[in-house]
Structure formats: structure tokens, C-alpha cells
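The structure under discussion appears below in the form of C-alpha cells.
FYI, it's all coordinate maths here, none of it is from the lab. Quick caveat, the model's predicted, so the values are computed rather than measured. In this analysis, Cβ positions are derived from the backbone assuming ideal geometry, glycine residues included, and neighbour counts consider all displayed protein chains.
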Amino acid sequence: MLYVGNRAVAVGFGRQRDGAFEDALNEISLDVISNQACSSTYGSNVIIDSTLCTSGADGVGPCLGDSGGPLDYSYEGIRYLIGVSSFVADRGCDAGLAAGFSRVTSFSTWIRVRL
């Protein structure tokens, strides 16, 4: 499943906006966007099949300190880990640009083998 057009929840201890830090666990609901749309910001050499992107519309998304945090998708009351926070734009998390996550389904075989 590509999850494009669905909402997902990112969780982390990162900054709430550029220049601000609060020592609290936060979560935010984000729209998953296509890799093609994400490539318009980062280029096709950065956005590969194992990347999952979320919209940064209205300056909302993961920020500095959130890397490694989960991106969950809920389906029929069950939460699924679909991404791991990887990067935000160099211009900052308030810039309204997409954020990149490692797509968990791309690594599911590797994860199962190591469990």
C-alpha cells in the first residue's frame, strides 16, 4: 500500500517549530503525499522507492529532534507503523515543505529476519 491521500500520525520529542524546544512527546496528523510530489522539493536522487513523504502544508510536520520517530497509520482501529522519520527540509520545519520517512514496508523482510 502506498498510503497516498491518507492521514498518518508522527510522534516525537523534537521541536514544535523552528527555534523552539519543549521537552514533551508530541504527535501530529499529516497527509501522506506521493513520491512524485515529494521529488519536486528534494529531487529524484533523494526520493527513492523506500521513501514515504508527508505534506508540510501550513508549516506542520516533524522537526529537528524527531528523526527516528514513528509514523503510524490507523486502519479499522489498529495502528500500523508505516514510516520512520528521516529528514526535513534544510530551510526548517516551518517552511511548509514535505518531510521524508523510511518506508517500513520496504524493509519488512529484513526486519522479520532479524526478529
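Quick check on this structure: which one of L71, L25, L30 is more than 12 Å from the chain's Cα centre (by Cα) and among the hydrophobic types (A, V, I, L, M, F, W, C)?
Working: L71 fails: more than 12 Å from the chain's Cα centre (by Cα); L30 fails: more than 12 Å from the chain's Cα centre (by Cα).
Answer to the check: L25.
Considering only residues that are touching a residue at least 24 places away in the same chain (Cβ under 8 Å) and on the phi < 0 side of the Ramachandran plot, which ones fall in region 88-103? Walk me through how you get there before you give the answer.
Keep residues of region 88-103 that are touching a residue at least 24 places away in the same chain (Cβ under 8 Å), which gives 88-89, 92-103.
Listed by number, the residues that qualify are V88, A89, C93, D94, A95, L97, A98, A99, G100, F101, S102, R103.
Of the residues I82, I48, which single one is without any contact (Cβ under 8 Å) to a residue 24 or more places away in the chain and among the β-branched types (V, I, T)? Can you show your working first?
On the way: I82 fails: without any contact (Cβ under 8 Å) to a residue 24 or more places away in the chain.
Just a single option satisfies the conditions, and that option is I48.
Considering every residue within region 51-58, establish whether at least one is loosely packed, with under 12 Cβ neighbours inside 10 Å and either touching a residue at least 12 places away in the same chain (Cβ under 8 Å) or of a type outside the set (A, V, I, L, M) (or both). Steps first, answer last, please.
In the first step, residues of region 51-58 are kept if they are loosely packed, with under 12 Cβ neighbours inside 10 Å; the result is 58.
Pick out the ones that are also either touching a residue at least 12 places away in the same chain (Cβ under 8 Å) or of a type outside the set (A, V, I, L, M) (or both) and you get 58.
Yes: region 51-58 contains one or more residues that are loosely packed, with under 12 Cβ neighbours inside 10 Å and either touching a residue at least 12 places away in the same chain (Cβ under 8 Å) or of a type outside the set (A, V, I, L, M) (or both).
Restricting to region 74-95, what's the tally of residues that are within 14 Å of the chain's Cα centre (by Cα) and closer than 14 Å to I28 by Cβ?
Here the count works out to 4.
Can you pull out the residues in region 42-57 that are closer than 14 Å to F101 by Cβ and either touching a Ser or Thr at 6+ places or on another chain (Cβ under 6 Å) or among the hydroxyl-bearing types (S, T, Y) (or both)? Spell out the reasoning first.
Here is the first cut: in region 42-57, the ones closer than 14 Å to F101 by Cβ are 42, 46-56.
Those that are closer than 14 Å to F101 by Cβ and either touching a Ser or Thr at 6+ places or on another chain (Cβ under 6 Å) or among the hydroxyl-bearing types (S, T, Y) (or both): Y42, I47, S50, T51, T54, S55.
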